[in-house]
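The values are calculated or read from the model by the stated rules, or taken from the named source; none is laboratory data. Not measured: the values here are computed from a predicted model. Glycine gets a Cβ as well: all are built from the backbone with ideal geometry, and neighbour counts include every protein chain shown. Only protein heavy atoms, including side chains, enter the accessible area calculation; ligands, DNA and RNA are left aside. Shrake-Rupley method; radii C 1.70, N 1.55, O 1.52, S 1.80 Å.
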Amino acid sequence: MGATSTPAYDAHADWYEDFISGGGDYLRRVHATVAALLGAGDGPCLDICCGTGAHASVPAGLGWTPVGLDLSGGQLRHASGRLPVIRADATVLPIADASLPAAMCVLASTDLPDYPALLGEVARVLRPGGRFVHVGVHPCFVGAFADWGRHPNVVIDERYADRGHSFDSWNTWGVRVRVGAWHVPLADLLNATMAAGLGLVRVVEAGPGGVPNLFGFLAVR
């Protein structure tokens with residue numbers, strides 16, 4: 001599902017297909033958050049860093065025509081059965097300027113070393129009034145700095161300020177311990193969105209037990 005200079009998910013594509021397909025309540029929350037932000041529409045919706053295409057049903061159910069883009073050929077093997085796909089780098093989109101009515105990036109911001117570059121490309125390819133939906137792990141509560149082992153108590157440490165890449169995780173079975181993750185603090189994420197020329201319309205949080213593990217926003221060009 002990530003797009004980086006090296007497609008880290010190629011070695012884990014089959015595992016990830018099983019992992020995300022069995023997402024249960026978490027995946028339902030992800031999809032509900034995407035749907036609430038994206039809303040109904042028509043025309044193409046570019047699913048950036050689409051991975052296995054696990055989220056394609058959401059824009060399709062809202063009237064959009066989803067098109068997936070990812071760098072990982074292993075992931076796209078699975079995605080190609082769910083939506084049309086393009087193999088490309090998310091930070092260099094092979095899309096014409098001001099041509100898309102909608103785009104989304106779901107559960108992938110931690111897979112890119114330069115998420116602001118993706119946001120800049122989104123702003124370039126969206127037509128005026130075009131919508132962009134971001135849904136990812138919550139920058140304040142999910143990361144190498146967060147221990148969910150005693151949920152509903154979540155312990156946060158000083159590594160929140162570390163913007164690097166880490167394989168550290170409170171669990172030993174998830175995505176992070178396999179491919180690692182880049183941390184984008186909340187302020188960095190929102191400031192980069194506005195710096196790209198996208199206007200924030202709505203921000204949402206979702207999660208179990210009163211502590212949000214998902215963060216999303218709708219922005220327009």
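List of remarks:
- Cα shape, the stretch 1-72, gyration tensor, a/c 1.5 rule: oblate
- Only protein atoms count toward the accessible area here, which uses a 1.4 Å probe; on the chain, the carbon and sulfur part of that area reaches 55 percent.
- Residue-wise HN-Hα coupling along the stretch 20-33, computed from phi with Karplus coefficients 6.51, -1.76, 1.60 (Hz; x: Gly, Pro): 6, 5, x, x, x, 4, 4, 5, 4, 5, 4, 5, 5, 5
- Three semi-axes of the equivalent ellipsoid, the stretch 21-137, Cα gyration tensor, whole Å, largest first: 19, 17, 14
- Using a cutoff of 8 angstrom between alpha carbon atoms and counting only pairs six or more residues apart, the relative contact order for the chain works out to 20 percent.
- For ALA98, the amide hydrogen comes within under 5 Å of the amide hydrogens of VAL125, LEU126, counting only partners 5 or more places away or on other chains and with H modelled in the peptide plane.
- Shape of the stretch 72-130, Cα gyration tensor, a/c cut at 1.5: oblate
- Of all DSSP bridge pairs formed entirely within the chain, close to 50 percent run antiparallel.
- Helical mean residue ellipticity (222 nm; -39500 (n - 2.57) per DSSP H run of 4+; nearest 500) of the chain: -7500 deg cm²/dmol
- Three-way shape label, the stretch 169-221, alpha-carbon gyration tensor, a/c 1.5: oblate
- Principal-axis tilt of helix 186-195 within the chain, Cα atoms, nearest 10 degrees: 20
- Residues in the stretch 144-161 carry Karplus couplings, in order, of 4, 7, 10, 10, 9, x, 10, 3, x, 7, 10, 9, 10, 10, 5, 6, 4, 7 Hz; the curve used is 6.51 cos²θ - 1.76 cosθ + 1.60 with θ = phi - 60°, and Gly or Pro positions show x.
- Amide hydrogen neighbours beyond the local backbone of TRP64, cut-off 5 Å, H modeled: GLY41
- Working ranking of peptides 16-25, 155-164 by packing, defined as the average number of other Cβ atoms within 10 Å per residue, highest first, is 16-25, 155-164.
- For the stretch 170-184, backbone phi angles converted through the Karplus equation (6.51, -1.76, 1.60; θ = phi - 60°) give residue-by-residue couplings of 6, 10, 10, 10, x, 5, 4, 6, 8, 10, x, 7, 8, 9, 10 Hz, Gly and Pro being listed as x.
- Packing-based ranking of 8-15, 103-110 yields 103-110, 8-15, ordered from highest to lowest mean Cβ neighbour count within 10 Å.
- Amide H contacts of ASN213 (H built 1.01 Å from N, under 5 Å, at least 5 apart or other chain): ALA206, GLY207
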